[in-house]
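Enquirer: Once you've had a glance at the structure underneath, I'll fire off some questions.
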Amino acid sequence: MTPETVASAVLGYLLSVVAATASCVFILVGPGLILAFVMNALTWFVRRQAYQVFGARFYPLLFGWLGSIVHELGHALLCPLFGHTIEDMQLFSYLAPGGRTGYVRHSYDRGSLYQTIGNFFISIGPIILGTLVTYYASRFLLGPQVFQAVSLDAVHRSPPAWGAVVGEIGRSALAVVRSLFTWENVGDWRFYLFLYVAFSVGSSITLSRADVKGAWKGFVAFVGLIFLFNLATVWLSGRAVEPGLVMFSQAYGSFYAVMAFALIVNALFALVLLPLWFLR
């Protein structure tokens, strides 16, 4: 083999490893992070409207307390799992300065790869817990039929059709909205309680600047670990780790549907507030 042939083979292999790594990362966290950042922007807009309509002090008492508690617990519950020590924690404070209603301060061993990666998952803990709370609230209040598992047929394709996956999640969330807003539910108090939980908790499925900052090093370490794994194994089957992750992603397809539904509820709430905001 000539040096040019060897260099071409090495470059081709590295490109395959990069492609496999990008695909794995997207399978694991891509849709959730995209939805969380969209929710960030929407929540900022809704809060701006709500503060004008309800007042900066009344809104946290009406909606913010539940979301703040779930958000901070999402951070706190994952700290012990990744070996982090919780130094201080406040789940909700009505009088907190700067609009921050709660916080979790934690420390870790910066020399530990596991604990460094833990920063990423601890930072996205509010997304995980907020989605689970919304899902189980629907089951408890309205029954198990509200959120059915999403059939991510696009994931089965090779290569996976990620645009189609996102479309299927959106269609599933809209189907949930159509199934919820029925004449039967309009007369049921549990429906309104669920909408309250879905909005209050859904608006906490966000990543603050502090969360993004805390997640960055952990995310880089997480991606680096997947890259090294693929570097050692892609030659076995082309994309050694991806098939298992695809199967795993199918198990939490409904997880993304819940996130998308929470986003839709926040958008509907924004539409309700919009005329009140103009008439204030």
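The values are calculated or read from the model by the stated rules, or taken from the named source; none is laboratory data. As the structure is a computational prediction, the values presented were derived from the model and not from experiment. In this analysis, Cβ positions are derived from the backbone assuming ideal geometry, glycine residues included, and neighbour counts consider all displayed protein chains.
Enquirer: Filter region 72-85 down to the residues that are surrounded by fewer than 21 Cβ atoms within 10 Å (Cβ to Cβ) and in a helix (DSSP H, G or I) and list them by number.
Expert: The answer is LEU73, ALA76, LEU77, PRO80, LEU81, PHE82.
Enquirer: Another question, then. Find the residue count for region 196-218, including only residues that are assigned to a helix (DSSP H, G or I), of a type in the set (Gly, Ala, Ser) and at pLDDT 80 or above.
Expert: Qualifying residue count for the region: 5.
Enquirer: Continuing with this model, one more query. Has region 56-71 got any residue that is at pLDDT 85 or above, more than 21 Å from the chain's Cα centre (by Cα) and outside any helix (DSSP H, G or I)?
Expert: No: region 56-71 contains no residue that is at pLDDT 85 or above, more than 21 Å from the chain's Cα centre (by Cα) and outside any helix (DSSP H, G or I).
Enquirer: Related question: List the pairs whose first member sits in region 106-126 and is outside any helix (DSSP H, G or I), whose second member is among the aliphatic types (A, V, I, L, M) and surrounded by fewer than 20 Cβ atoms within 10 Å (Cβ to Cβ), and whose Cβ atoms are under 6 Å apart, counting only residues at least 6 apart or on separate chains?
Expert: Correct list of pairs: HIS106/ILE86.
Enquirer: For region 244-265, check the following and say yes or no: at least one residue is part of a helix (DSSP H, G or I), at pLDDT 80 or above, surrounded by fewer than 20 Cβ atoms within 10 Å (Cβ to Cβ) and under 15 Å from the mean Cα position of the chain (by Cα).
Expert: yes
Enquirer: If you don't mind, another one. For region 187-195, does any single residue satisfy the condition of being at pLDDT 80 or above, buried (at least 17 other Cβ atoms within 10 Å of the Cβ) and of a type in the set (A, V, I, L, M)?
Expert: Yes: region 187-195 contains one or more residues that are at pLDDT 80 or above, buried (at least 17 other Cβ atoms within 10 Å of the Cβ) and of a type in the set (A, V, I, L, M).
Enquirer: Restricting attention to region 111-145, which residues are at negative phi and of a type in the set (Gly, Ala, Ser)?
Expert: GLY111, SER112, GLY118, SER123, GLY125, GLY130, ALA137, SER138
Enquirer: Separate question: Does region 88-102 contain any residue that is touching a residue at least 12 places away in the same chain (Cβ under 8 Å), of a type outside the set (Ser, Thr, Tyr), closer than 19 Å to LYS217 by Cβ and not in a loop (DSSP other than H, G, I, E, B)?
Expert: Within region 88-102, none of the residues are touching a residue at least 12 places away in the same chain (Cβ under 8 Å), of a type outside the set (Ser, Thr, Tyr), closer than 19 Å to LYS217 by Cβ and not in a loop (DSSP other than H, G, I, E, B).
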